[in-house]
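Asks: Below you'll find the structure I mean.
The values are calculated or read from the model by the stated rules, or taken from the named source; none is laboratory data. These numbers come from a predicted model, not from an experiment. In this analysis, Cβ positions are derived from the backbone assuming ideal geometry, glycine residues included, and neighbour counts consider all displayed protein chains. Just the protein is used for accessible areas: all its heavy atoms, side chains included, with ligands, DNA and RNA removed. Shrake-Rupley method; radii C 1.70, N 1.55, O 1.52, S 1.80 Å.
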Amino acid sequence: VSGFGPVALLGGGRLGCSLRLALEAAAVPIAVHWTRSPTTAEAARAEGFDVVSGPLPESIRDAAVLFLAVSDRALAPMAEELCRSGLVAREATVLHGSGASDLSVLAPLASSAHVASLHPLVSVASRRTPLSGAACAIEGADDETNHRVESLARTMGLVPLRFRGDRTRYHAAACIVGNFPQALMAAAVRLFEDAGIEASSAREALGPLLTSAARNAVERDGAAAFSGPIIRGDVEVVARHLEVLAAPSLVDIERLYRANSLVAVHTVDGPQRTAFEALLEGGR
Ligand SMILES: NC(=O)c1ccc[n+]([C@@H]2O[C@H](COP(=O)([O-])OP(=O)(O)OC[C@H]3O[C@@H](n4cnc5c(N)ncnc54)[C@H](OP(=O)(O)O)[C@@H]3O)[C@@H](O)[C@H]2O)c1
């Protein structure tokens, strides 16, 4: 059994259930797992999670840690509701899992509990997404809370980090890496279809390319991570791509191509930098 008191999980969606798996794997006891709507509770139960719905359960009183794994917009109203309910034990730790929200959303509980956030840097697309091995950003109201939450994170197999600067920039970065690969894949599949390759074959063919590119991005730094025309200084190839992408149906992909290529040009800082900038900064 871990050194942590029982955890109440609020939210039966993707993060709530994935956290539960991580907590259970670490033998942290669960006081209760609650979600607001019966439909979500039913969906979570269908996936093997013991989740209750309805009014806030009395067993929240037994929790040393409350984790609010609810949508960002629901955090402030939930904190108010919990405060009004009187169910949060004095000195409990109350966490939210949002990268975009700071601790002000938990303000109603801040005078009686230790408030903090723990944002896993994982793209949690299902209720059974493994969190172990990932990093997570922690912000606690005070040092002692930070240490306690870092320890809970390590118990779940997460690697804690703290940011002291702009939280919104931090979250924009997490969204770029967590969601842009999917957008890149969707754009590439559309272009493959124009080249006569069916969507299912396109996904199969592009998958290993995306994985190898991701591996390069993770394992190598700066110019050494790149392949393709920009690192080779091949301005004509990029110019031809832009000509084709000028089609009216491809406006979004053309913009994506220009914006991504500019970041690549600045990162690579290689041959033909000025020519690439002149070419890519144009556009519609
Ligand atoms: N998915 C990710 O990749 C990821 C990664 C890191 C952090 N997060 C954070 O995790 C949190 C939850 O996201 P998710 O991906 O798990 O979303 P999700 O799967 O859509 O689940 C959303 C949860 O929020 C609850 N909820 C929505 N409105 C509510 C309200 N007004 N009152 C009470 N509960 C409400 C839902 O409960 P009912 O359906 O029962 O109403 C559900 O349990 C967010 O703060 C998000 O920023 C997500």
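Asks: Limited to the range 51-61, what total is found for residues that are more than 10 Å from C17 (Cβ to Cβ) and surrounded by 12 or more Cβ atoms within 10 Å (Cβ to Cβ)?
Replies: Going through the range 51-61 one residue at a time, the tally reaches 7.
Asks: I'd like to check something: does the range 234-255 contain any residue that is in contact with a Phe, Trp or Tyr (Cβ under 7 Å, 6 or more places away or on another chain), open to solvent by 40 Å² or more (accessible area, probe 1.4 Å) and modelled with pLDDT of 95 or more?
Replies: The answer is yes; a qualifying residue exists.
Asks: Would you pick out the residues in the range 23-45 that are among the aliphatic types (A, V, I, L, M) and either touching a strand residue (DSSP E or B) at 6+ places or on another chain (Cβ under 9 Å) or free of Cβ contacts under 8 Å to residues at least 12 places away in the same chain (or both)?
Replies: Answer for the range 23-45, where residues must be among the aliphatic types (A, V, I, L, M) and either touching a strand residue (DSSP E or B) at 6+ places or on another chain (Cβ under 9 Å) or free of Cβ contacts under 8 Å to residues at least 12 places away in the same chain (or both): L23, V28, I30, A31, V32, A41, A44.
Asks: Can you confirm whether the range 70-80 contains a residue that is open to solvent by 20 Å² or more (accessible area, probe 1.4 Å), within 23 Å of V122 (Cα to Cα), among the aliphatic types (A, V, I, L, M) and in contact with a His (Cβ under 9 Å, 6 or more places away or on another chain)?
Replies: Yes, some residue in the range 70-80 is open to solvent by 20 Å² or more (accessible area, probe 1.4 Å), within 23 Å of V122 (Cα to Cα), among the aliphatic types (A, V, I, L, M) and in contact with a His (Cβ under 9 Å, 6 or more places away or on another chain).
Asks: For R90, are the conditions met, namely being within 13 Å of the ligand (Cβ to nearest atom), over 17 Å from H33 (Cβ atoms) and free of Cβ contacts under 8 Å to residues at least 24 places away in the same chain?
Replies: No.
Asks: Find the residue count for the range 15-25, including only residues that are more than 14 Å from H119 (Cβ to Cβ) and open to solvent by 20 Å² or more (accessible area, probe 1.4 Å).
Replies: Looking only at that region, the number is 4.
Asks: If we keep just the residues of the range 119-159 that are away from the ligand (no atom under 12 Å from the Cβ) and of a type in the set (A, V, I, L, M), which is farthest from the chain's Cα centre (by Cα)?
Replies: A141
Asks: What is the residue count in the range 192-201 for residues that are open to solvent by 60 Å² or more (accessible area, probe 1.4 Å) and in a helix (DSSP H, G or I)?
Replies: The total comes to 4.
Asks: A further question on this structure: Does V218 count as open to solvent by 90 Å² or more (accessible area, probe 1.4 Å) and touching a helix residue (DSSP H, G or I) at 6+ places or on another chain (Cβ under 9 Å)?
Replies: yes
Asks: Still on this structure: For the list (1) more than 30 Å from A172 (Cβ to Cβ); (2) away from the ligand (no atom under 12 Å from the Cβ), I need the number of the one condition that P108 fails.
Replies: So the condition that P108 fails would be (1).
Asks: Something else now. Which ones in the range 161-181 are touching a residue at least 40 places away in the same chain (Cβ under 8 Å) and not hydrophobic (A, V, I, L, M, F, W, C)?
Replies: Answer for the range 161-181, where residues must be touching a residue at least 40 places away in the same chain (Cβ under 8 Å) and not hydrophobic (A, V, I, L, M, F, W, C): R167, T168, Y170, H171, G178, N179.
Asks: Which fully enclosed helices (runs of 4 or more DSSP H) of the range 1-85 have 1 or more residues being within 12 Å of the ligand (Cβ to nearest atom) and more than 24 Å from the chain's Cα centre (by Cα)?
Replies: 38-46, 72-85
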